[in-house]
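S.K.: Mind having a look at this structure? Questions to follow.
Just so it is clear, none of the values below were taken in a lab; they were calculated from the coordinates. This is a predicted model, so every value here is computed, not measured. Cβ coordinates were reconstructed from backbone atoms using ideal geometry, including for glycine residues, and neighbour counts include every protein chain displayed.
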């Protein structure tokens, strides 16, 4: 079963057309910057690309603080968790 998560597209670390390139970049990012945080490679909202986000940036009901952010959030399907 697919896991659907919501992110603000402006929080994306990167956008790629190739899944392997996205995973490789996410691994490099995690190694250099945020080794203690989970990085997600997600299938883009347009179903034609892959985006990289920090797992902590996922939008949930518990961390929504601004009603304006709801208009910017988009659903993504998790491809890989690193």
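S.K.: Can you tell me how much longer the chain between residue 81 and residue 8 gets when fully stretched, taken as 0.36 nm per residue apart minus their C-alpha distance, in nm with one decimal?
M.R.: Roughly 24.5 nm would be gained on extension.
S.K.: How much length is gained if the chain between residue 38 and residue 20 is pulled fully straight, taking 0.36 nm per residue apart and subtracting their Cα-Cα distance, in nm to one decimal?
M.R.: Computed gain between residue 38 and residue 20 is 4.7 nm.
S.K.: Roughly how many nanometres apart are two label points built 7 Å out from the Cα toward the Cβ at residue 72 and residue 60?
M.R.: Result: 2.1 nm between the two label points.
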